[in-house]
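Enquirer: The structure is given below, and queries will be raised subsequently.
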Amino acid sequence: MSVSTLRPGPRNALTDVADVLVGHADDTRLASGVTAVMFEHPAVASVDVRGGGPGTRETELLAPEKTVERIDAVVFSGGSAFGLEAAAGAMALLAERGRGFAVGPARVPIVPGAILFDLTNGGDKVWGRYPPYRELGYQAAAIACRELKLGSVGAGLGARTATLKGGVGSASSVLPDHGPTVGALAVVNALGSATVGDGPRFWAAPFEIDAEFGGLGSEAEIDPRAWFPPAKRIAGANTTLGLVATDAILSKPEAKALAVMAQDGLARALVPCHTPLDGDVVFAAATGHVELGPDRIAALSALGHVAAMTLARAVARAVYEATALPFAGAQACWRDRYG
């Protein structure tokens, strides 16, 4: 299999995967927001955490040996630890719809989540007694649909990288011979850089399909200084959040393997990556419509490889599609600098 044999889905987005919807809610004054990934039916899921400073909710239950196999949604939020409340908003909406894990007559929606640090990006974070993320989580879940906006929206509104404005990116791949579809979503707020040195080309360029982030190709010769981008001004203000989903039928241990392989996509698209100052996390979900094939190990290996490439493309698209915040001293975006 090669990149030339892959093609994106009709939207080139996570929502090309059956049963997956995405919604954003954000506040420009706050310079922060929430992105909710909603599953129309509970999806088998797991997670892989690599960064040294993660902020997560309900990730322990996604371990392969834990009882609950399926989830109803995943919520990404700005706001650092304050943003963990966003998942409660999505949970409230799901409860209104009667969704959730059955415990006798009660139903408990299963909504893992993860956050990024955007508290010092210039937005007004003086929100009073309670942060606004629970309500933003409800709003994002309520408007989730198949049309997915990219760039400075939702959880990516206030995101930044070492060199350029970050944001939300997405991509999809359809495996050949009527194989499964893989979709990825990334919220890029990395310590590292998605572009090579001071130029416009992306580290993820070898995996680009149809000029989805400019079509500039790879850097012919890399200056060694590009491997060491300038540090962010505040240590710890970093994280890249990712989710890969597929319509393949997977077990929970197979979903864990998919998340582990997909993490390589972050390392292919960001330099450096998975540092002690990042909270990098990748969720994997399977909506269960397409058989993997008779050789499950080989098929899962191919699926994970494609998931990593797709996530790398989503990272690049997040930076490519971002727009600058309307504040003095706001970080420059790719389009303003190179577009």
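The values are calculated or read from the model by the stated rules, or taken from the named source; none is laboratory data. Please read these numbers as outputs of a predicted model, since none were measured by experiment. Positions of Cβ are backbone-derived with ideal geometry, glycine not excepted, and every protein chain shown enters the neighbour counts. When the accessible area is computed, the model is the full protein with side chains, heavy atoms only, and any ligands, DNA or RNA have been set aside. Shrake-Rupley method; radii C 1.70, N 1.55, O 1.52, S 1.80 Å.
Enquirer: If each residue of separation counts as 0.36 nm, what is the full-extension length gain between residue 231 and residue 81 once their alpha-carbon separation is subtracted?
Expert: 51.8 nm
Enquirer: Using a 1.4 Å probe over the heavy atoms of the protein chains, calculate the carbon and sulfur portion of the accessible area of the chain as a whole percent.
Expert: Carbon with sulfur: 54 percent of the solvent-accessible area.
Enquirer: To continue, here is another question. Quick one: which residues, 5+ away or cross-chain, put their amide H under 5 Å from the amide H of residue 277? H built at 1.01 Å from N.
Expert: For residue 277, whose amide H was placed from the backbone, the distant partners under 5 Å are 52.
Enquirer: Over the chain, what is the relative contact order in whole percent, taking alpha-carbon pairs under 8 Å and six or more residues apart?
Expert: Relative contact order here is 24 percent.
Enquirer: If you don't mind, another one. Quote the relative contact order of region 69-189 in percent (integer), defining contacts as alpha-carbon pairs under 8 Å separated by 6+ residues.
Expert: Details: 220 pairs, mean separation 29.9, N = 121.
In percent, rounded to a whole number, it is 25.
Enquirer: Right, here's the next one. What does the charge dipole of region 227-339 about its Cα centre add up to, to the nearest 20 debye, if the Cβ of each Lys and Arg holds +1 and the Cβ of each Asp and Glu holds -1?
Expert: Dipole of region 227-339, to the nearest 20 debye: 360 debye.
Enquirer: Suppose every Lys and Arg Cβ carries +1 and every Asp and Glu Cβ carries -1, with no other charges. What dipole size does the chain come out with about its Cα centre, to the nearest 20 debye?
Expert: 660
Enquirer: How do 199-208, 287-296 rank on mean C-beta neighbours within 10 Å, highest first?
Expert: 199-208, 287-296
Enquirer: Select one label from (1) 4, 16, 23, 26, 21, 9, 2, 0; (2) 7, 29, 37, 21, 6, 1, 0; (3) 6, 26, 33, 23, 11, 2, 0: the one whose number is P(r) over Cα pairs in 10 Å bins from 0, in percent as derived from the coordinates shown.
Expert: Among (1) 4, 16, 23, 26, 21, 9, 2, 0; (2) 7, 29, 37, 21, 6, 1, 0; (3) 6, 26, 33, 23, 11, 2, 0, the one derived from this structure is (2).
Enquirer: Also, quick follow-up: What does the accessible area per residue of the chain come to in Å², with a 1.4 Å probe and no ligands, DNA or RNA counted?
Expert: 39
Enquirer: Right, something else. So between residue 96 and residue 146, what do we pick up on full extension, going 0.36 nm a residue minus the alpha carbon distance?
Expert: 15.9 nm
Enquirer: How far apart, in nm, are the 7 Å Cα→Cβ label points at residue 120 and residue 251?
Expert: If labels sit at residue 120 and residue 251, their model points lie 4.6 nm apart.
Enquirer: Okay, next question. Count neighbours as other Cβ atoms within 10 Å of each site's Cβ, and list the trypsin sites (Lys or Arg not before Pro) in region 85-149 that are DSSP loop with at most 14 such neighbours.
Expert: Filter output for region 85-149: 97, 129, 146.
Enquirer: Rank-order 90-96, 210-216 by packing density, defined as the average count of other C-beta atoms within 10 Å over each peptide's residues, highest first.
Expert: Most protected by this proxy first, the peptides run 90-96, 210-216.
Enquirer: Let me ask something else about it. Starting from the amide H of residue 290, placed 1.01 Å from N in the peptide plane, find each other amide H under 5 Å away whose residue is 5 or more places distant or on another chain.
Expert: Here 248, 249 satisfy the definition.
Enquirer: Next up: Extension gain residue 130-residue 63, at 0.36 nm per residue separation less the Cα-Cα distance, in nm?
Expert: Extending this stretch completely gives an extra 21.0 nm.
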